Amino acid sequence: MKAILFIGRLLFSLIFLMAPMMHFTSRGVAYAASQGVPVPSFLVPFSGIIAFLGAVSIIIGFKARIGAWLIVLFLVPVSLFMHDFWNIADAMARGMQMAMFTKNMALLGGALIIAYFGSGPWSIDSKTHSNI
């Protein structure tokens, strides 16, 4: 049964390993700029680093609570700037952004759970008895 929590951490974190790759492309920076992200040439790659570090931390269970807060730090502004469905007139685009926003809120809930409970078994934190 201990494997279930590790598998959950892995599945939760995969999106934060894969999605940030776009944060290091000119296309990703340009899209964020078009969405009104301030200083996108800095903030977009920086947010990719935050997401990646949070994901790795959660997967290996090293300072997973801090990693979860990194994911929270990533998700809140990304959700508000990039998936602001309430500002979109086109029904299809609004629906797509609403789905992305809702997905991010679900991920935010998962990150908050990890921030509270930590990594659990099969983690570096459990070997060092660290609760941070």
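Here are the numbers for this structure:
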read-out	value
Ser126 surrounded by 19 or more Cβ atoms within 10 Å (Cβ to Cβ) and outside any loop (DSSP other than H, G, I, E, B)	no
Criterion (of a type outside the set (Phe, Trp, Tyr), in a helix (DSSP H, G or I) and crowded, with 18+ Cβ neighbours inside 10 Å) met by exactly one of Ala33, Ala51	Ala51
Residues that are surrounded by 22 or more Cβ atoms within 10 Å (Cβ to Cβ) and closer than 27 Å to Ala93 by Cβ, drawn from the range 54-74	Ile71, Phe74
Flag for Phe85 being under 16 Å from the mean Cα position of the chain (by Cα), open to solvent by less than 60 Å² (accessible area, probe 1.4 Å) and closer than 24 Å to Ser34 by Cβ	no
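The values are calculated or read from the model by the stated rules, or taken from the named source; none is laboratory data. All values derive from a computational prediction rather than experimental measurement. For neighbour counting, all protein chains shown are included, and Cβ atoms are generated from backbone atoms with ideal geometry for every residue, glycine included. Side chains included, ligands, DNA and RNA excluded: accessible areas come from the protein's heavy atoms. Shrake-Rupley method; radii C 1.70, N 1.55, O 1.52, S 1.80 Å.
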